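No lab work stands behind these numbers, since they all come straight from the coordinates. Note that this is a predicted model, so its numbers are computed, not measured. Cβ sites come from the backbone with ideal geometry, for glycine too, and all protein chains shown count toward neighbours.
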Amino acid sequence: AEPVLTISGLNVDYGTDERAVHALRDIDLTLHRGEVLGLAGESGSGKSTLAYAVTRLLAPPGVITGGEVHYHRPGGDRLDILSLSPEQLRAFRWQELSLVFQGAMNSLNPVHTVHSQLTDVLKAHRPDLKKAQRRDRAKELLSLVGISADRLAAYPHQLSGGMRQRVMIAMALALEPEIVIMDEPTTALDVVMQRQILRRLVQLREQLNFSVVFITHDISLLIEFSDRIAIMYGGRIVEEAGAAEIYRDPRHPYSDGLLHSFPALHGPRRELTGIPGSPPHLSAMPAGCAFHPRCGKAFEPCDVRVPLLATPAQSPAEDRRTVACHLHA
Ligand code: SF4
Ligand code: MG
């Protein structure tokens, strides 16, 4: 499939002086048209920072210190995201890319109805639509996410958490963007509701053919719902492969640990062993492989040399997998 978003060599720091810390290092990642790409990793691994950086929503002290991000329009022209003007960015967000943030369901305005919040997005970006057309579109958007049209008149507090989250997804889809990024969109909801929402999203993706970047610390959700998974640790991608490949045969010891931290949904039961210790602080990133203090397989070069993301030596060609670990160099 053709690329819709390409990230190369992306570096992000927090701070600009001598106390600046590296938040993202050497991120290379491609999102293909129509695919669901999962980003996994414990909190603090850089997943949200990556989402904010590629959408230019990174707030100070976060600064992009290197790399490139390109958006590829369906026609073929390329947009250099890191050099867009504020006006270009406003048009780009919502229309070509939209985001559903962590806790987004709490960002609905409590004093406005669902109808007025949905139609506000349309008013701002589609001045060509008449009032009745906006109303029809709002109904259509709600039904896309499985909410009946009579809830248009509801205020946010009259809806369940799951419904509010689905309203946010409807808003994100309002202008038919090519890319939807969801950052832990469902952590505030129970597991059954999370799964329902994700299933709906994947169905919509098939119907509307957008691409999804789905960010969560729960890798079992990604195994079920994404096509490919990139696993992050200490601000770097440490493994990237098809969801089935990661599940069947995780190569990076951290990927393996993550898979043993959540109950398996299908297939043989895994023992839940988790990962000893806790993720590093950005200000105290271990030298070499940042995972080495927690890695049961660490050996001689691990605390000195940073392992680079590369195709592992023993890997079938069709795997298209990359791993950053000295075991696989
Ligand atoms: Fe473990 Fe070394 Fe691989 Fe890092 S590079 S994951 S410390 S074996
Ligand atoms: Mg986060």
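Restricting attention to the stretch 27-46, report how many residues are among the charged types (D, E, K, R), closer than 19 Å to Pro307 by Cβ and more than 16 Å from ligand 1 (Cβ to nearest atom). So that I can check it myself, show each step before the final result.
Going through the stretch 27-46, the residues among the charged types (D, E, K, R) turn out to be 28, 33, 35, 42.
Keeping just the survivors that are closer than 19 Å to Pro307 by Cβ gives 28, 42.
From what is left, the residues that are more than 16 Å from ligand 1 (Cβ to nearest atom) are 28.
Qualifying residue count for the region: 1.
Among the listed residues Asp80, Asp136, which satisfies the condition of being closer than 23 Å to Val212 by Cβ and not hydrophobic (A, V, I, L, M, F, W, C)?
Working: Asp136 fails: closer than 23 Å to Val212 by Cβ.
It is Asp80.
Among the residues of the stretch 271-308 satisfying the criterion of being closer than 23 Å to Ser261 by Cβ and either within 16 Å of ligand 2 (Cβ to nearest atom) or among the charged types (D, E, K, R) (or both), which is surrounded by the fewest Cβ atoms within 10 Å (Cβ to Cβ)?
Glu271
Can you name the condition, by its number, that Leu175 falls short on among (1) more than 30 Å from His32 (Cα to Cα); (2) touching a His at 6+ places or on another chain (Cβ under 8 Å)?
Of everything listed in (1) more than 30 Å from His32 (Cα to Cα); (2) touching a His at 6+ places or on another chain (Cβ under 8 Å), Leu175 misses just condition (1).
Just for the stretch 1-26: of the residues that are of a type in the set (A, V, I, L, M) and farther than 23 Å from Pro307 by Cβ, which one is surrounded by the most Cβ atoms within 10 Å (Cβ to Cβ)?
Let us first name the residues in the stretch 1-26 that are of a type in the set (A, V, I, L, M), namely 1, 4-5, 7, 10, 12, 20-21, 23-24.
Next, from what is left, pick out any that are farther than 23 Å from Pro307 by Cβ: 1, 4-5, 20.
Numbers: Ala1: 11, Val4: 22, Leu5: 24, Ala20: 15.
Only one residue tops the list, namely Leu5.
Of the residues Asp227, Asp218, only one is surrounded by fewer than 20 Cβ atoms within 10 Å (Cβ to Cβ) and within 16 Å of ligand 2 (Cβ to nearest atom); which? Steps first, answer last, please.
Details: Asp227 fails: within 16 Å of ligand 2 (Cβ to nearest atom).
Exactly one of Asp227, Asp218 is surrounded by fewer than 20 Cβ atoms within 10 Å (Cβ to Cβ) and within 16 Å of ligand 2 (Cβ to nearest atom), namely Asp218.
Scan the stretch 284-303 for residues that are near ligand 1 (Cβ under 10 Å from one of its atoms), at negative phi and part of a loop (DSSP other than H, G, I, E, B) and report the count.
Start the filter on the stretch 284-303 by keeping residues that are near ligand 1 (Cβ under 10 Å from one of its atoms), which leaves 286, 288-303.
From what's left, at negative phi: 286, 289-303.
With the extra rule that they be part of a loop (DSSP other than H, G, I, E, B), the set shrinks to 286, 289-291, 295-303.
Counting residues in the stretch 284-303 that are near ligand 1 (Cβ under 10 Å from one of its atoms), at negative phi and part of a loop (DSSP other than H, G, I, E, B) gives 13.
Based on what the data block shows, is Ile237 farther than 20 Å from Gly9 by Cα and over 12 Å from the mean Cα position of the chain (by Cα)?
In short, no.
Can you tell which of Ala1, Ala20 is in contact with a His (Cβ under 7 Å, 6 or more places away or on another chain) and away from ligand 2 (no atom under 16 Å from the Cβ)? If you could, list the steps in order and put the result at the bottom.
Values: Ala20 fails: in contact with a His (Cβ under 7 Å, 6 or more places away or on another chain).
Within the list Ala1, Ala20, the selection yields Ala1.
Take the residues in the stretch 24-63 that are under 28 Å from Ser261 (Cβ atoms) and over 16 Å from the mean Cα position of the chain (by Cα), then tell me which one is nearest to ligand 2 (Cβ to nearest atom).
This residue is Gly62.
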